[in-house]
Number of protein chains: 2
Amino acid sequence: VVRPADVVEVAAVVTACRAHHVAIVPQGGNTGLVGGSVPHEGEVVLSTARLALVGEVDRAGMTVVAGAGATLARLQAAARASGVAFGVDLGARDTATVGGMVATNAGGLNVVRFGAMRAQVLGIEAVLGDGTLVRHLAGLRKDNTGYDLPGLLCGSEGTLGVVTAATLRLVPSYDEVATAMIGFESVAAAVRAGAALVSGLEALNAVEIMFDDGLALVAAHLGVALPPASRAPAVLLVEAAAAEDPTADLADAVASLDGCVAEPAVARSAADRDRLWRLREAHPEAAAALGVVVKLDVTVPLGAIPDLHRRVRAAVERLAPAATVLLYGHVGDGNTHVNVVGPGVDSDAIEDAVLAIVVELGGSISAEHGIGVAKRRWLPRARSAGDIAAFRAIKRALDPDGIMNPNVLLP
Amino acid sequence: VVRPADVVEVAAVVTACRAHHVAIVPQGGNTGLVGGSVPHEGEVVLSTARLALVGEVDRAGMTVVAGAGATLARLQAAARASGVAFGVDLGARDTATVGGMVATNAGGLNVVRFGAMRAQVLGIEAVLGDGTLVRHLAGLRKDNTGYDLPGLLCGSEGTLGVVTAATLRLVPSYDEVATAMIGFESVAAAVRAGAALVSGLEALNAVEIMFDDGLALVAAHLGVALPPASRAPAVLLVEAAAAEDPTADLADAVASLDGCVAEPAVARSAADRDRLWRLREAHPEAAAALGVVVKLDVTVPLGAIPDLHRRVRAAVERLAPAATVLLYGHVGDGNTHVNVVGPGVDSDAIEDAVLAIVVELGGSISAEHGIGVAKRRWLPRARSAGDIAAFRAIKRALDPDGIMNPNVLLP
């Protein structure tokens, strides 16, 4: 493990590794779920822990420069201290780092409003696999001077170079929050409602989907009672945020939805809100309490979500009838997390079955977790031969010796 | 000129040109301002005119697939017919094409709300310079399966391949519009007000900046009187749009601004609004009426805009004292259009002087027009040697024979 203190030292590490034909695995908070930051065959781990500087917030330009090793929580705190906010949030905020989030194009809870990481990265500094230092941190909102290096490095999973810093877009701080949980008669009704909220409610920050079986499991795991609104086949957790209280706007938007089965649960206090979010956020831990979880993270077109859910449940029922299936996700952007756990679960068989369904439905085998090591063998079924040939050409161009994270992304 | 009818014919053209070592200039609406779609030394012009299909609007997913040759106006009409909208608008809408707008990462009037083209492109189909067909048009909001080809091709100015189609994000149609013109005591006050509106007014669609000398010229050119609000050193044209009438929100936001010199002019009707916008949109034609215009399109950090304007005026005064300087722009994103016209204007000298100031202020020599042929010699002063080395490596990887728009972008 090497822990360079600045970009010059990062370049020295890359140069030394090139000279000795040793591969590098960049590692940030190591919170990824597809093995992208884990050494597999003696690679040098390049830790970004010391590249942790968070610069001064530019209030006029609404930007900040952050080192790759800064945690999301530190970045959020710096933004908050200046009266603004960062547009991406996720559960691993205390550990996940800016560099890892850029490298994986991390998504999280507020993509429906602010986009994923790629939409936040206005400038980048990185050392490419051939030792080239790229650096353009001006952070301008409009800058058509050459190819989009920030976008290309974002989501490249450490296979093209080491991201050392990024200029990040900031967003207004919306302190007034309104949260509601709404039960629907069917998955299709909940998905339609989610799409209507995305189009119709400007202050929408998040729209999460859950199901009766998952909620029952979470309630048992946490030892809490479920609100009546969550006793329905499909349940949305909806949050709006604005400078002025968005409760009335949220209530109007909810009142116009079809297919609700009960009065929505509306959070009246921060404690209420935390209770509602806890039901959503405890899904992974409720699954983990049952054993080793097979985790998949997929997107399908919104209209195909009911089909996806029906077919995934049927496939698991066939392959491992005693297993538990937990589905939940960010319905606003078509993203479903599939968790399968319990007796008789063969992770390869489950993964093959679920991802085949996703591909058939025109979806993505990785919504936000990336390809990493775990999904590499699936890439050729998700992307065309031409696309993969273009990926390989780009990889060869920027990392000619193939030393950057060689076990990740490309099959 | 070749006019292929589909992507297979595009691939055949690229293959034939490679075999005969002939270069290709892709051409859409040919509305660019930096010479990027114009043949210079006997290149084949590949017209996208026949790749003009606009697919069915996906209302649930809020996407549409459009051929490269479809005009922006046709795309906008297709979106409108389905009750939604496209997030990018610009004056050349009747001629500019989707392919050209993708290739140049076009910006325009509503970047402050919806971003430039790169933020709209969810999927892409293209033939690369080495003949590879890349195609991934699923248009999912979250899809981390490999390098960001849409983002890379967006803004590549035809130097990596020919974009043949794109899956584009659609946005809600905000039919209620409120427009105001506000005069400020100084450029600095107007810029501060612009930044405050971007942060504070969610429904903000556009915030344009103009100046007393430009407005006087436009008024004389059009033969109209200026509203009192526009008789000020610096003037903002502000537009908000929402599902419900945003007039009150706009008025509240305007009332909280500092440095206004007169009562704002508020549009009470569509005709009023057109009159206010005409004052902004007639700037280029008022300049063109005075002769051949040197046009530059730059971004600087918001705080540096007053400095930029002062220094550009001083430089032109020194180089061509009898010339007219027109400045106007999209102040929300730091973008200023610099027009210089009149006796004694040497375009090279003006360009050198203005772009040197921009680079000194930490700005971009091309905000939204791109590099093309016109600004190629400036790229090494705007981007580092490392960045340009990376651009060259990517270019060689995807266009190994250098047949794609060889006179554009890279010096």
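The values are calculated or read from the model by the stated rules, or taken from the named source; none is laboratory data. Keep in mind it's a predicted model, so treat the numbers as computed, not measured. Because the Cβ atoms are built from the backbone with ideal geometry, glycine has one as well, and the counts that use them run over all protein chains shown. Areas reflect the complete protein model, heavy atoms only, side chains present, ligands, DNA and RNA absent. Shrake-Rupley method; radii C 1.70, N 1.55, O 1.52, S 1.80 Å.
Starting at 0 and stepping by 10 Å, how many percent of the alpha carbon pairs of the protein assembly as shown end up in each bin?
3, 13, 23, 26, 21, 10, 3, 1, 0
From the Cα gyration tensor of segment B:262-411, with a ≥ b ≥ c the square roots of its eigenvalues, which class applies: rounded if a/c is under 1.5, or else prolate if a/b is larger than b/c, or else oblate?
Prolate, since a/c reaches 1.5 and a/b exceeds b/c.
How compact is segment A:120-272 by the rule of thumb for globular proteins, expressed as Cα Rg over 2.2 N^0.38 Å?
Against the compact-globule rule of thumb, the ratio is 1.42.
Could you calculate the contour length gain from residue B:81 to residue B:3, that is, 0.36 nm times the residue separation minus the distance between their Cα atoms, to one decimal place in nm?
25.2 nm
How long are the semi-axes of the equivalent ellipsoid of chain A, taking √(5λ) for every eigenvalue λ of the Cα gyration tensor, in whole Å from largest down?
So the equivalent ellipsoid measures 36, 27, 18 Å along its semi-axes.
Relative to the Cα centre, what is the charge dipole magnitude of segment A:56-115, using +1 at the beta carbon of each Lys and Arg, -1 at the beta carbon of each Asp and Glu, and rounding to the nearest 20 debye?
I would put it at about 100 debye.
Is there a quick way to get the dipole size of the protein assembly as shown? I mean about its Cα centre, with the Cβ of Lys and Arg at +1 and of Asp and Glu at -1; what is the value in debye to the nearest 20?
The calculation lands at about 1420 debye.
Within segment B:1-56, report the GluC sites (Glu not before Pro) that DSSP leaves as loop and that have at most 16 other Cβ atoms within 10 Å.
B:41, B:56
Considering the options B:165, B:248, B:206, tell which one lies farthest towards the positive end of the dipole of segment B:158-255, charges being +1 on Lys and Arg and -1 on Asp and Glu at the Cβ, about the Cα centre.
Highest projection toward the positive end goes to B:165.
Measuring from a point 7 Å out along Cα→Cβ, what nm distances, shortest first, does residue B:224 have to its partners in the other copies?
In ascending order, 5.8 nm.
I'd like the residues of segment B:258-302 whose 1.4 Å-probe accessible area shrinks by no less than 30 Å² going from the isolated chain to the full set of protein chains.
At a threshold of 30 Å² (probe 1.4 Å), the residues of segment B:258-302 that become less exposed are B:299, B:302.
Given H placed 1.01 Å from N in the peptide plane, which residues other than close sequence neighbours of residue A:164 have an amide H under 5 Å from its amide H?
A:125, A:126, A:127
Given springs between every Cα pair under 10 Å in a Gaussian network model of chain B, which of B:247, B:336, B:48 has the largest fluctuation?
B:247
Note down the net charge around residue B:82, summing +1 for each Lys or Arg and -1 for each Asp or Glu among other residues with Cβ under 11 Å from its Cβ.
0
For segment B:389-404, list whatever residues lose no less than 50 Å² of accessible surface once every protein chain is in place, relative to that chain by itself, with the probe at 1.4 Å.
B:391, B:394
Residues with beta-carbon under 14 Å from that of residue B:389, excluding residue B:389: net charge, scoring Lys, Arg +1 and Asp, Glu -1?
My count for the surroundings of residue B:389 gives +2.
Under 30 Å Cα-Cα from residue B:395, which lysines qualify once same-chain neighbours fewer than 8 residues away are excluded?
A:142, A:375, A:395, B:142, B:295, B:375
What distance in nm separates the simple spin-label points at residue A:255 and residue B:22, each placed 7 Å from Cα in the Cβ direction?
About 6.7 nm separates the two model spin labels.
When the helices in chain A are scored as -39500 (n - 2.57) per DSSP H run of 4 or longer and the sum is shared across all residues, what 222 nm value do you end up with, to the nearest 500 deg cm²/dmol?
It comes out at -9500 deg cm²/dmol, rounded to the nearest 500.
Can you compute the FRET efficiency between residue B:289 and residue A:173 using 1/(1 + (r/R0)^6), with r the Cβ-Cβ distance and R0 = 41 Å? Round to the nearest 0.05.
Given R0 = 41 Å and the Cβ-Cβ separation, E is 0.35.
So what J values fall out for segment B:100-107 if you push phi through Karplus, 6.51 cos²θ - 1.76 cosθ + 1.60 with θ = phi - 60°, rounded to Hz, Gly and Pro as x?
Values, residue by residue: x, 5, 5, 4, 9, 6, 4, x Hz.
Short version: which residues of segment A:128-153 lose at least 50 Å² of accessible area, all chains versus chain alone, 1.4 Å probe?
A:136, A:140, A:142, A:144, A:145, A:146, A:147, A:148, A:149, A:152
At R0 = 45 Å, how high is the FRET efficiency between residue A:392 and residue B:270 if r is their beta carbon distance? Nearest 0.05 is fine.
Numbers: r = 53 Å, r/R0 = 1.19.
The formula returns an efficiency of 0.25 here.
Could you give me the ³J(HN,Hα) list for segment B:381-388, computed from phi with Karplus coefficients 6.51, -1.76, 1.60 and θ = phi - 60°, whole Hz, x at Gly and Pro?
So the Karplus estimates, Gly and Pro as x, are 8, 9, 10, 6, 4, x, 4, 5 Hz.
At 1.4 Å probe size, with the rest of the protein present, what percent of the exposed accessible area of segment A:128-271 is carbon and sulfur atoms?
Heavy-atom surface of segment A:128-271 belonging to carbon and sulfur, 1.4 Å probe: 50 percent.
Taking the Cα atoms of segment A:61-179 alone, what are Rg (to one decimal) and Dmax (as a whole number) in Å?
Cα radius of gyration and Dmax of segment A:61-179 are 13.8, 49 Å respectively.
Give the interface area between chains A and B as buried accessible surface, both sides summed, probe 1.4 Å, in Å² to the nearest 100. Numbers along the way, then the final one.
Working: alone 17440 and 17410 Å², together 29590 Å².
Counting both chains, the buried surface is close to 5300 Å².
Which distances in nm, rounded to one decimal and ordered from shortest, link the label point of residue B:94 to the equivalent label points in the other identical copies, with labels set 7 Å from Cα toward Cβ?
Label-point distances to the other copies, shortest first: 6.1 nm.
Over segment A:80-125, with the other protein chains present, what is the accessible area per residue in square angstrom, probe 1.4 angstrom?
On a per-residue basis, segment A:80-125 sits at 30 Å².
Taking amide H positions as placed in the peptide plane 1.01 Å from N, state which residues far from residue B:110 in sequence (5 or more) or on other chains have amide H under 5 Å from it.
Distant-sequence amide H within range of residue B:110: B:89.
Could you please report the charge total around residue B:7, scoring K, R as +1 and D, E as -1 over all other residues with beta-carbon less than 12 angstrom from its beta-carbon?
Once positives and negatives cancel, what remains is -1.
Between rounded, prolate and oblate, where does segment A:1-128 land on the alpha carbon gyration tensor, with a ≥ b ≥ c its root eigenvalues, rounded for a/c under 1.5, else prolate if a/b exceeds b/c?
Judged from the Cα gyration tensor, segment A:1-128 comes out prolate (a/c at least 1.5, a/b above b/c).
How far is helix A:7-19 tilted off the main Cα axis of chain A, in degrees rounded to 10, range 0 to 90?
Its long axis makes an angle of about 70 degrees.
At 1.4 Å probe size, with every protein chain present, just tell me what the per residue accessible area of segment A:132-188 comes to in Å².
On a per-residue basis, segment A:132-188 sits at 23 Å².
Note the distances from residue A:268 to each other copy's matching label point, with points 7 Å along the Cα-to-beta-carbon direction, in nm, sorted shortest first.
4.6
Please check: in the Gaussian network model of chain B (C-alpha springs, under 10 Å), which one of B:166, B:282, B:19 has the largest mean-square fluctuation.
So, out of B:166, B:282, B:19, the one fluctuating most is B:19.
Please report the relative contact order for chain B, taking Cα pairs under 8 Å with a sequence separation of at least 6, and give it as a percent rounded to a whole number.
On the way: 894 pairs, mean separation 72.1, N = 411.
Reported as a whole number, the value is 18 percent.
With an 8 Å Cα cut-off and a minimum separation of 6 or more residues, compute the relative contact order for segment A:1-78 in percent.
Details: 105 pairs, mean separation 22.3, N = 78.
Answer for segment A:1-78 is 29 percent.
Given springs between every Cα pair under 10 Å in a Gaussian network model of chain A, which of A:291, A:151, A:28 has the largest fluctuation?
It is A:291.
If each residue of separation counts as 0.36 nm, what is the full-extension length gain between residue B:262 and residue B:95 once their alpha-carbon separation is subtracted?
56.3 nm
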